[in-house]
Each structure stands twice: as C-alpha cells, then as structure tokens.
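A.B. asks: Sharing a structure below in structure tokens format, with a few things to ask.
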Amino acid sequence: MSLTVCKFGGSSLADGNNIARAADILLRDGARRYVVVSAPGKRFSADEKITDMLYACWRECEKTGSCAEAFVKIRKRFTSIVAELGMEGFGMDAILDETERAIEREKSADFTASRGEYLNARLIAAKLGWTFVDAAELIFFDEKGQFDEAKSYPLIEQKLKNCEHAVIPGFYGTDACGKVKTFSRGGSDVSGSIIARGVGADLYENWTDVSGFLACDPRIVQKPQKMERISYKELRELSYMGANVLHADAIFPVRKGNIPINIKNTFAPEDPGTLILPSVQYGKSENLVTGIAGKKDFTVIFLEKSMMNAEVGFARKVLSVLEEDGICFEHMPSGIDTLSLVIESKYLAGGVLDRLIEQIRAAVSPDYVRVLENIALVATVGHGMAKSVGTSARLFGALSAEGINIRMIDQGSSEINIIVGIDNDDYEKCVRTIYREFFGEGNKTAESVL
Ligand code: ASP
C-alpha cells in the first residue's frame, strides 16, 4: 500500500469548518497516514495568524514576564475552533492553561511561536482519533542550527514505524541544547518534507488554498495558466526568483528522496493541483516554457579591462572584495574582457556601493567601471528550452518588438533558465510580453489589474 504524508497550511486550518474539511480529506484516502499541520492562519485578509499573535505574546512576556494579556486572544480563537468542531469535551482549556504557563517558564521566542502548531496538532489528533507525535521528538538541529539529517531520519522512521496514523505539528524541532527551535516563517512546509523523507513516503501532499502553481504572477497577468507538472529543478529556479507557494527549503529533503510533491487545494480537493517531480520521473516536457518569475531592485556593476581573459585571478580578486565585505552576488555574467556583478540593491545602500567600487578598482585596476541601478531580473524557465532551437530568439524578438531594452542577459549553465535584466519600470511589461509569447493570447493580460 502506498504511503502519503500530508501537510495542511494555516489558511486550510484557519477555523473549525476548515479543520473539519481537512479531516475529511485525510480520512478519504487510506494512504494518507501522517499529517503535518500549521497553526491556524487568517480567516479573512484583515485577520491575524495565530503565529503572529504568539510573537506578540513573546514580546509581552519579554517585557513583563507574563503573557496573560496577549494570550487571551489565542485562547479565544482556539475556544471558538473547539466550539465549531463540537469538541467541548476534549479538554482544550487545560491544554491552553498549561501552554500559557510553559511560555512563561521557557522564556523563548521560538518555543512561544511553536505553540500554534503544537495546539492545533493536539486538537486535530483528537478530532481524527489519530496519535499526536511531537515534532520535538522527531526533528533535530545541530550546533550550527542546521537541520540534523543523521539524527532526525532514523528517529522519524523508528518513532512512526509502529504508528498507523499520526498528527505532527509543523514549524519546529529540537536544537542541540534540547530546546525548541523553529524554522523560518512558513516552515511547516519544511517539516512536512522532512517527515515524508523520514518515513520513505511515496508522495508528499502539500494542501494549501490555491490549486497549484501558476505560470506567472497573477497580479501581472490575469488568470495565467496553471502548471500541471514541474520538475524540482524548475521549481528551484522559479522560487529562487520570487515565485512562492512553497518554502524554498522544503524542496531539498523530498528531492533527495525522489519523492514527488503534489500541491493541492483544500477548497477544491478534486483539482489535480501541481505535481512537482524529480527529474527521473519528469519524462518529456510538453511546454517549451514552464514558468516566468522575477524580482526588482538589483544593481549591476559592469567591469571592463582589456586582456581580462588572459589575466589569471581577475574574477577571484573581484570576488574576494565581495567576500571581505560580506556581500553575496546573484549572478556574474562575463565576456572576453568584461565581467558584471549583479547584486541586490539593498546590500549596497548607505555608501556601500561607492566603497565597493573603490575596493574593486584597487584590487584589479579595471579600464572602465559602469553601474546600472534599478534593474529588475526576469527568469524564463523550462526544460523544453534546452532542446528546442530558437527559444532565445523568440524571447528577445518579443521584447524588442515591445521596445523593452535588455540591459543584461544571463543563461545559467543549467540550460533551463534565461534571465534578462531590464529597467525596474519595464518589469511588468516584460513579464506580460514573455507570457504572451510563450503561452499565447488566450489569457487576457492584466494591464487593468496593475
Ligand atoms: N505558522 C508558521 C508561520 O506562520 C509556520 C507555517 O505556517 O508554516 O510562519
């Protein structure tokens, strides 16, 4: 029998009705044996997430030693969820009392923030009649604060082996000192991926409030096509460039275990969603381009020096300057006598840019230095591009027909990604143009949405 690990996000578990819906989904398929849950999220756009309320609790606790005032809202929210589920007899009050005391006792931001997942998992386990297994006993971090694979996976396997069904809180684990530590925000995706790998699941279902990934940002193109299938590599390129449905770190554990992820919609469970597949299972790509993503606000430092190609150590010296200043670069396209550094502008504010250029001049004496600011990067990603002739010609042709000036081009060595640098002001137009070129006119562009 196949084995599925599910993760439900905060909006899928925001109130009692949603939790009942998630429980229904879980019970409908016998392969769904383990579920990782987020804390209740927003019920409407102005609503507050439980995790944000818990951070407020922590701030109160830090100041006064008590979280009594801020905890009232959390208690109220869980009490209403309990009432909506008709679970008044479950004893949530006592669990909430104990949690409030534990927050005051532990005096830790991470412990406090983790209690949303903890409380929700306790409640959902009772609703389903499944075993609650605390993530603190399954997921571990090393002394550097990194996820400790060697310790966690054997424990996950061993602890869940004899457990037919389990509910596990997302977002946290235990650090090297035995204290609760959280992942970064949205980290329940990562917990789900780790559990899926640990139990050797056949599938990781990530249940959220959208029916999968879209080929580009719906705020720029109205109703863009949905991606039915995407490879881990493509997802990595797109999420790195700003497309976010899934926490970026959630990709690695399942990818290593060759476990597919299915992004599913709790509110439209019959929709197939998007299937994220390891390359070995991906097969032939039907689309030339899978998706388009981008980000604004980069700076390009363009260096030119004749005979640069013959100068041993040129790039190393330039990169050493960046390293000494603790600045990371995003891309480094180069020509025979030219080299460009693409850096997020936020790292160069407050005089850092001028200092950096001076240091580069001192290190490598370039003939010419030029700086382009307010640059946006747009990545066009797809496995299909590698094997078909003329994709970049189409891309650049479409941009030139729209009068968009390309300031920089970078085609990564992966051959599944072409990145263009354009002025920030051309960003939306650029995304729309590329979308139209590769996905057709069928979907109206959303000039009106902007
Ligand atoms: N509840 C946490 C957050 O709001 C983690 C998660 O939902 O994945 O970031």
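A.B. asks: Given labels modelled 7 Å from the Cα in the Cβ direction, how far is it in nm from GLN158 to VAL389?
C.D. replies: With each label placed 7 Å out from Cα toward Cβ, I get 6.0 nm.
A.B. asks: Same structure, new question: Which one, LYS144, LYS296, LYS181, has the greatest fluctuation when you compute a Gaussian network model over the chain with C-alpha springs under 10 angstrom?
C.D. replies: Checking each option, the largest mean-square fluctuation is seen for LYS144.
A.B. asks: Further question on the same structure: Can you give me the relative contact order of segment 198-246 as a percent, contacts being Cα pairs under 8 Å and 6 or more apart?
C.D. replies: Details: 21 pairs, mean separation 13.8, N = 49.
For segment 198-246, the relative contact order is 28 percent.
A.B. asks: Working out 0.36 nm times the residue gap between VAL369 and THR131, then minus their Cα-Cα distance, what length gain in nm do you get to one decimal?
C.D. replies: Net length gain for the segment: 79.4 nm.
A.B. asks: What FRET efficiency, computed as 1/(1 + (r/R0)^6) with R0 = 45 Å and r the Cβ-Cβ distance, is obtained for TYR55 and ALA310, rounded to the nearest 0.05?
C.D. replies: Step by step, r from the Cβ atoms, then E = 0.20.
A.B. asks: Could you point to the residue in ALA196, ALA166, GLY145 farthest towards the positive end of the chain's charge dipole, with +1 and -1 charges on the Cβ of Lys/Arg and Asp/Glu respectively?
C.D. replies: Of the options given, the answer is ALA166.
A.B. asks: May I ask you to compute the full-extension gain from GLU143 to PHE396, defined as 0.36 nm times their residue separation minus their alpha-carbon distance, rounded to one decimal in nm?
C.D. replies: 86.3 nm
A.B. asks: Something else: May I ask which residue of ASN206, ASN258, ALA176 lies farthest towards the positive end of the charge dipole of segment 153-299, with charges of +1 (Lys, Arg) and -1 (Asp, Glu) on Cβ and the Cα centre as origin?
C.D. replies: ALA176
A.B. asks: Round to the nearest 0.05 the FRET efficiency obtained for ASP354 and SER334 when R0 = 35 Å and r is the Cβ-Cβ distance.
C.D. replies: Taking R0 as 35 Å, the efficiency between ASP354 and SER334 is 0.90.
A.B. asks: Cα atoms only, the chain: Rg and Dmax in Å?
C.D. replies: 24.7, 79
A.B. asks: As I understand it, the dipole of the chain uses +1 on the Cβ of Lys and Arg and -1 on the Cβ of Asp and Glu, about the Cα centre. Which of VAL221, MET241, LEU303 lies farthest toward its positive end?
C.D. replies: VAL221
A.B. asks: What is the dipole size for the chain, taken about its Cα centre, with +1 at each Lys and Arg Cβ and -1 at each Asp and Glu Cβ, in debye to the nearest 20?
C.D. replies: 700
A.B. asks: Another question, then. Rounded to the nearest 0.05, what FRET efficiency do THR79 and PHE267 give with R0 = 25 Å and r taken as the Cβ-Cβ distance? Could you check? Let's see the in-between values first.
C.D. replies: On the way: r = 24 Å, r/R0 = 0.98.
FRET efficiency, THR79 to PHE267: 0.55.
A.B. asks: Can you give the charge dipole size of segment 146-265 about its Cα centre, rounded to the nearest 20 debye, using +1 on the beta carbon of Lys and Arg and -1 on the beta carbon of Asp and Glu?
C.D. replies: 100
A.B. asks: List the cysteines of the chain that have no other Cys Cβ closer than 4.7 Å: which are they?
C.D. replies: Those would be CYS6, CYS163, CYS177, CYS216, CYS328, CYS430, since no other cysteine Cβ in the chain comes under 4.7 Å of theirs.
A.B. asks: Could you work out how much longer the chain between VAL72 and SER108 gets when fully extended? Use 0.36 nm per residue separation minus the Cα distance between them, nm to one decimal.
C.D. replies: In short, 11.1 nm is gained.
A.B. asks: Quick one: putting +1 on the C-beta of Lys and Arg, -1 on the C-beta of Asp and Glu, what dipole do you get for segment 315-450 around its Cα centre, in Debye to the nearest 20?
C.D. replies: The dipole of segment 315-450 has a size of about 320 debye.
A.B. asks: What is the chain's relative contact order, in percent, from Cα pairs under 8 angstrom and six or more apart in sequence?
C.D. replies: Details: 868 pairs, mean separation 61.0, N = 450.
Answer for the chain is 14 percent.
No value in this document is a laboratory result; all are computed from the given coordinates. Keep in mind it's a predicted model, so treat the numbers as computed, not measured. Note: ideal-geometry Cβ built from the backbone for every residue, glycine included; neighbour counts use all protein chains shown.
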